[in-house]
Amino acid sequence: MLLGGLPQAALPPAKEGSELGPQLQQLTALDIALLLYVSLLGSAASYGVFFYNASKGNLTPLSSLTFLKPMFAAGSGFLFLGEGLTPLQLGGATVTLGAVAMLNAGQKDA
């Protein structure tokens, strides 16, 4: 994650130039806290939990849950940001939920 973040840290100064400093000064303490929350808990902690659980058992049910990440993002956008979902998106979510349920149910029986 660190290696992926380095180019992203270098890109804004190259693109924005002298405008970047004043834009960063407009960030409030809440903005910084939310960025840290998303960065640390949204990525680092989730990877830590994933690899801890991966070391304890079968990876199939655990890895199938990664298919739910886009659904959580779409659901959060719908609930908190008022974004709409098309029938095609709802259909895809239904298929994804069904597939994850079947994978996890199959693992319990095996």
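The values are calculated or read from the model by the stated rules, or taken from the named source; none is laboratory data. Quick caveat: nothing in here was measured; it's all calculated off a predicted structure. Glycine gets a Cβ as well: all are built from the backbone with ideal geometry, and neighbour counts include every protein chain shown. Keep in mind that these areas ignore ligands, DNA and RNA; they rest on the heavy atoms of the full protein, side chains included. Shrake-Rupley method; radii C 1.70, N 1.55, O 1.52, S 1.80 Å.
Pairs of Cα atoms nearer than 8 Å and 6+ residues apart set the relative contact order; for the chain it is 24 percent. Here the chain has 71 percent of its accessible surface on carbon and sulfur atoms, given a 1.4 Å probe and all protein chains in place.
Extending 7 Å from Cα along the Cβ direction at residue 55 and again at residue 85 yields two label points whose distance is 3.6 nm.
Taking the Cβ-Cβ separation of residue 103 and residue 73 as r and a Förster radius of 25 Å, what is the calculated FRET efficiency to the nearest 0.05? Efficiency, from the Cβ-Cβ distance: 0.75.
The residues of the chain have, on average, 79 Å² of accessible surface per residue, using a 1.4 Å probe with all protein chains present. Taken one residue at a time, the phi angles of region 38-50 give Karplus couplings (6.51, -1.76, 1.60, θ = phi - 60°) of 5, 5, 7, 7, x, 10, 5, 5, 5, 5, x, 5, 4 Hz. Gly and Pro are set to x.
Any chance you could give the angle, 0 to 90 degrees and rounded to 10, that helix 2-16 forms with the longest Cα principal axis of the chain? It is inclined by approximately 40 degrees. What the phi angles of region 69-85 give under the Karplus curve with 6.51, -1.76 and 1.60, with θ = phi - 60°, is a coupling list of 4, x, 5, 5, 5, 5, x, 5, x, 5, 6, 9, 10, x, 6, x, 10 Hz, glycine and proline written as x.
Can you bin region 20-110 into rounded, prolate or oblate? Criterion: square roots of the alpha carbon gyration tensor eigenvalues sorted a ≥ b ≥ c, rounded for a/c under 1.5, prolate for a/b above b/c, oblate for the rest. Oblate is the answer for region 20-110, as a/c is 1.5 or above yet b/c matches or exceeds a/b.
Distance between the modelled labels on residue 31 and residue 15, one decimal in nanometres: 1.6 nm (7 Å Cα→Cβ projection).
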